[in-house]
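Each reported figure results from applying straightforward, stated rules to the coordinates on display, with no laboratory input. As the structure is a prediction and not an experimental result, all values here were calculated from the model. Neighbour counts are summed over all protein chains in view; Cβ atoms, including those assigned to glycine, are modelled from backbone coordinates with ideal geometry.
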Amino acid sequence: MYGMGILKGLGVTIRHFFESYAEDIRYSGRRYFGAKSDFSERQGIDTRGVYTVQYPEEKIAVPERFRFVPFLVVNDADHPEAPGEDWCTSCGICSKVCPPQCIWIVRGEDPVTKRPIPQPEAFYIDTDICMNCGYCAEFCPFDAIKMDHDYELASYDRTTYHIHDKARLSKPFSYWMSIAPTTANEEARDRGSWEHSDVVKEKKKAGGAAVAYTPTESPAEVLALLKANAPKPEPEPEAAAASTAVASPVAGEAPAAEAADGEKAARLAKREAALARKRAAKEQSGE
Amino acid sequence: MTDQTLAPVQTGTIENAIEFLKARYPDSVKDDTRSGYSGVVVSKSQLVDVARTLRDELGFDYLSSATAVDYLGVSDHMEMVYHAYRTSGGPPLVFKAQTERSNAEVPSLIDVWPGVDFQEREAWDLFGIRFAGHPNLKRILMWDGFEGHPMRKDWREAYYEEDQKPFESRWPRGYIRRAEELNVYGRNVRYPDDLDLGALKDDSAEESLYSGMGLGVDVSAYETEGIKTDKLVVNLGPHHPSTHGVFRMVVTLDGETVLSLEPVMGYLHRNHEKIGERNAWLHNMPFTDRLDYISSMSNNLGYALAVEDLLASGARYAPPSYRAEAIRVLMVELTRIVNHFWAIGFLLNDLGAFFTPALYAIAEREKILDFFEATAGSRMMCNYMRFQGVAKDLPERIRSTANLLNDRVRDFNTMDYLTEMITERLPRAIDDLDRYLTDSEIVKSRTIGVGYLPPEMAIAYSTAGPLLRASGIPYDVRRAEPYSIYPDLDFDVAVRYNGDIYDRYLIRLDEMRESVRILKQVLPRLEKSQGESIFSGNKAIYMPRVPVGEAYGRVENPKGELGYYVVSEGDPKGPQNPWRYHVRAPSFINLTALGAMCKGHKVADVVAILGSIDIVLGETDR
């Protein structure tokens, strides 16, 4: 019979059409109201249909190992011993292993002796050149440079915003734990401590011991561990529990020249406030 | 296609073949005695004869790769390197022809293997080696107004910084400056002396439009079968969705019928190989992702195999563990499925079924890419393989945590996810596609008998992959020269015999089914090898010392044979960079046969034939 092929074809199309709403129907409107975490099955094993993700209202889940342009790990602002200290020792391995050579590092120098010190004086990444390969994070011996999950880097002016300086690159350890808890745990396990491997060595030398590794996925818990182990514990019993460490990426650590840049500071403050708001909203929605 | 009085084809080993050649040509065939090198060096005067003997008497009928190396500063000569294989399988016979750098010239092998056409043009374009007897020796990747031959060692790119990475300016006194501030564009470009830039301006007269093609075709009336028609030159592309990128086909038409077709490429050329020589060995891995960006995992594997081949002659080399190999096979077979879904979907696009079938085909691809992302960190630019292993083990769980940037939570057991995907989802998706398309009246009438490529031509043109196998040649590198754990695995080399678009579509379905079959065997191997190390080297070494020598690593990429020819000149003091890094790109070489396949068909079929070759311009143009 003529026309059967067309009807069959239309049948296939209409089945796919309805399948693309299967997820929405399954959640019957919760896509628009209620907690976002309800969509756990959206990218699941048994998802059917070509569904639509309504970016930017909805975002697709990125896995822990997802890599976007790198950032530098620094201690949280409420770290008991060295708040805001860089994990980077400016050894330069990342800049050597970088395939497109997009990392520029100024090694720190002691102002008096002119000997190198394990602190980067400046750190630049040209995000226009970065190819997101992840070598810097893979080969960093100090777990100090990590690949970020924040892929929304679009801006109106590439010359101003696309070269990330140290202030912009620095993000607290708690942030790293929040985006990749499994990896952070694996690395801490390999170091044997939640602290920087150099700190572990120093403390050992001094006859003490660094905070031993205990598996946890909560940055607050790590902070509590650090505080409990600090030589002079601050009398702030509430701090560890209440604050989930939305730390200032620049707190106390930025070189003077960069801190003086008012515009940059304002931008950072704004970003920080936005992040804090987001975090608060998430906590309110009952996580 | 050759004369009938041939001696029986020999089937002995490579050593036998070399002995035979040396006995036949005692003066012009010599062993390549350099340390780390293999094969023979043939003198220029008898190159064509030797090639003909190789093909007709020794059975090396398939010329996989022809490329040049510039040994400036080492022995100051240029060298053409050829890798010839038997389509019955086995290792290559490598032969080389040397020439001086100034006035470099080598006889063309185009009469023996027409498949060297583009490769010789590339060697002329990038190295400035002339090929005596090549009928159409002109630039292929660079444009006509380009000065110099960029792959020569003494040529420097516009944004030249240093010969080799890592660059000095990065550390410890990192001084950031954008490349374009140091070398302002426009002031760093040279033109040939005899180039008249004014003549390049398009004055939009119709004649100049056509004469610009360089085909020598003028728009003049001529007569066929009593009807006066115009021979018409039409540019398909470079900006056209049917070309799958930026690719141009200059088609000469008689009415609707194609008289001749010439592919024009290079719009996406970035001198990948020069970048590869500036790079250190490990640096190249993420660059290979960008060749055939649909199948980055298998690009990675090919490069890893080539460099491992070199490393293996060194002292501290340990081959990848079984688990690493199993993960590699898992990844490349998933990649093959991704690629073939993509190829079939877009073939349907080219046939005019705009995007509905394509989206059905690539829906399942999302799941695979999700898995790649969770394992390697990126959906397409995977950068996952390493020399002697892979970058990371499979994650225990495919997991996304809620954080400031990401509002979705997701948590699956990786093995459950893989098992479900391999045993349920992928076979179902392949069957769906089969059901929708294979018996479709329209697909059949558009594809059966169109774009026929006879088997002997498929071999002569050095085509590879589905294109070769759909013409009835069961040649698959995984079986012909096995690598990784393929010898342990049970699968068939898919082959079809009609050599038309329809068979190229069917063979992709067959190959996906074979891939699923392989994947089903890989799953238990993964379970069993859990906990084994995935990297057998020293993880901290980011600048491996690569022993001196040459290596050709090749894999059966979804699009065909992907080969990497790498040469290490191993300066033990300085940082180690490849001396030569050549990519034998299947998309590039498969295009050699495009003109022949399109002849006599209609314009609309050209688009479908191109779609059936399945090219990716990232790889074609490099």
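Whose amide H sits under 5 Å from the amide H of B:GLU105, counting only residues 5 or more places off or on another chain, with H placed in the peptide plane?
Excluding prolines and chain starts, which carry no amide H, the hits are B:GLU100, B:ARG130.
Can you give the Kirkwood hydrodynamic radius for the protein assembly as shown, in Å, rounded to one decimal and based on Cα pairs?
One decimal place: 30.2 Å for the Kirkwood radius.
For segment A:207-219, in order, what is each residue's ³J(HN,Hα) by Karplus, 6.51 cos²θ - 1.76 cosθ + 1.60 with θ = phi - 60°, in whole Hz (x at glycine and Pro)?
x, x, 9, 7, 5, 5, 6, 10, x, 7, 10, 9, x
When Lys and Arg each count +1 and Asp and Glu each count -1, what net charge do the other residues less than 12 Å away from B:LEU359, Cβ to Cβ, add up to?
For residues surrounding B:LEU359, the net value is -2.
Percent relative contact order of segment B:14-132, based on C-alpha pairs within less than 8 angstrom and at least six residues apart?
22
Under 37 °C and 0.692 mPa s, how fast does segment B:271-403 diffuse according to Stokes-Einstein, given a Kirkwood radius computed over C-alpha pairs? Answer in µm²/s, whole number.
Reported coefficient: 203 µm²/s.
At a Cα cut-off below 20 Å, give the aspartates and glutamates reachable from A:LYS8, other chains included and same-chain residues fewer than 8 away excluded.
A:LYS8 reaches A:GLU19, B:ASP431, B:ASP432, B:ASP434, B:ASP439, B:GLU441.
Taking every DSSP beta bridge with both residues inside segment B:14-132, roughly what % is antiparallel (nearest 5)?
Roughly 75 percent of the DSSP beta bridges within segment B:14-132 come out antiparallel.
Once amide H atoms are built 1.01 Å from N in the peptide plane, which residues 5 or more positions from A:ILE117, or in another chain, come under 5 Å H to H?
Under 5 Å from the amide H of A:ILE117: A:GLY108, A:GLU109, A:ASP110.
What is the pair-distance distribution P(r) of segment A:92-239, computed from all Cα-Cα distances in 10 Å bins starting at 0, with each bin given as a whole percent?
In order of increasing distance, the bins hold 9, 32, 35, 20, 4, 0 percent.
Over what distance in Å are the Cα centres of segment B:291-348 and segment B:519-542 separated?
14
Give me the mean projected area, in nm² to one decimal, of the convex hull enclosing the Cα positions of segment B:41-85.
3.3
Give, as a single signed number, the net charge of other residues whose beta carbon lies under 12 Å from the beta carbon of B:ALA480, with Lys and Arg counted +1 and Asp and Glu -1.
Net local charge, B:ALA480 excluded: +1.
Please report Rg (one decimal) and Dmax (integer) in Å for the Cα set of segment B:355-501.
My reading of the Cα-based Rg and Dmax gives 19.8, 60 Å.
Can you compute the FRET efficiency between B:ASP154 and B:SER313 using 1/(1 + (r/R0)^6), with r the Cβ-Cβ distance and R0 = 30 Å? Round to the nearest 0.05.
Using R0 = 30 Å, I get an efficiency of 0.55.
Cut-off 13 Å, label point 7 angstrom out along Cα-to-Cβ of A:ARG15: give me the residues of segment B:430-448 whose amide nitrogen falls inside.
B:430-437
What is the magnitude of the charge dipole of segment B:264-382 about its Cα centre, with +1 placed on the Cβ of each Lys and Arg, -1 on the Cβ of each Asp and Glu, and no other charges, expressed in debye to the nearest 20?
I would put it at about 220 debye.
If you take the charge dipole of segment B:272-621 about its Cα centre, with +1 on Lys and Arg Cβ and -1 on Asp and Glu Cβ, which of B:PRO427, B:LEU334, B:ALA460 is farthest toward its positive end?
Of the candidates, B:LEU334 comes out farthest on the positive side.
Taking the beta-carbon count within 10 Å as an exposure proxy, list A:CYS133, A:CYS140 from fewest neighbours to most.
A:CYS140, A:CYS133
Which ³J(HN,Hα) values in Hz, rounded to whole numbers, follow from the phi angles of segment B:355-367 under the Karplus curve 6.51 cos²θ - 1.76 cosθ + 1.60, where θ = phi - 60° and Gly and Pro get x?
6, 5, x, 4, 5, 4, 5, 8, 4, 6, 4, 4, 5
Using θ = phi - 60° and the Karplus curve 6.51 cos²θ - 1.76 cosθ + 1.60, what whole-Hz ³J(HN,Hα) does each residue of segment B:463-469 get, with Gly and Pro shown as x?
5, 9, x, x, 4, 5, 6
Where the centre of each part is set by its Cα atoms, how far does segment B:18-84 sit from segment A:134-204, in angstrom?
Between the Cα centre of segment B:18-84 and that of segment A:134-204, the gap is 51 Å.
Return the subset of B:LYS153/B:LYS559; A:LYS114/A:LYS204; B:LYS231/B:LYS599; B:LYS392/B:LYS528 for which the Cα-Cα distance in this structure is over 22 Å, preserving the input order.
Among B:LYS153/B:LYS559; A:LYS114/A:LYS204; B:LYS231/B:LYS599; B:LYS392/B:LYS528, the Cα-Cα distance tops 22 Å for B:LYS153/B:LYS559; A:LYS114/A:LYS204.
Given the -39500 (n - 2.57) contribution per DSSP H run of 4+ residues, what per-residue ellipticity at 222 nm results for the protein assembly as shown, rounded to the nearest 500 deg cm²/dmol?
Calculated mean residue ellipticity at 222 nm is -10500 deg cm²/dmol.
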